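Following: one structure in structure tokens, then a few remarks.
None of the figures in this text is laboratory data; all of them are computed from the coordinates on show. In this text, all values refer to a predicted model and were calculated from it rather than measured experimentally. With ideal geometry, Cβ positions are generated from the backbone for all residues, glycine too; neighbour counts draw on all protein chains shown.
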Amino acid sequence: MRCIIAGYPFDLTASEVEQAMSGIKPEPIAGECVVIGRRSYPVKQVGAVVTRQDRRDFTAFEVTRAMRKLGFTCRTGAGV
């Protein structure tokens with residue numbers, strides 16, 4: 001599925017995101033998070049790993065929108 005993050009198009013699949021995040025320890029969650037497998041990751045961490053971009057180059061909203069389109073559950077910090 002084509003997703004636009006930080007103005008750049010990415011062709012992502014849910015399995016590619018799962019594979020990219022496998023073996024990566026989740027950072028502490030302070031805001032929005034995405035559930036991948038049985039773990040919750042901050043959306044900025046997922047965005048940085050998947051796009052290989054600096055976290056300052058994209059917003060949490062862009063990554064959250066892309067992850068929801070791929071079928072992942074996204075939550076706010078209060079719902080973690």
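What the table shows:
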{"quantity": "Residue list for the stretch 49-69, filter: crowded, with 18+ Cβ neighbours inside 10 Å and of a type in the set (A, V, I, L, M)", "calculated": "Val50, Ala60, Val63, Ala66, Met67"}
{"quantity": "Output for the stretch 1-53, where each listed residue is assigned to a strand (DSSP E or B), without any contact (Cβ under 8 Å) to a residue 40 or more places away in the chain, within 20 Å of Arg75 (Cα to Cα) and not hydrophobic (A, V, I, L, M, F, W, C)", "calculated": "Arg39, Tyr41, Pro42"}
{"quantity": "Of all residues in the stretch 5-48 being over 12 Å from the mean Cα position of the chain (by Cα) and of a type in the set (A, V, I, L, M, F, W, C), the one that is surrounded by the fewest Cβ atoms within 10 Å (Cβ to Cβ)", "calculated": "Ala30"}
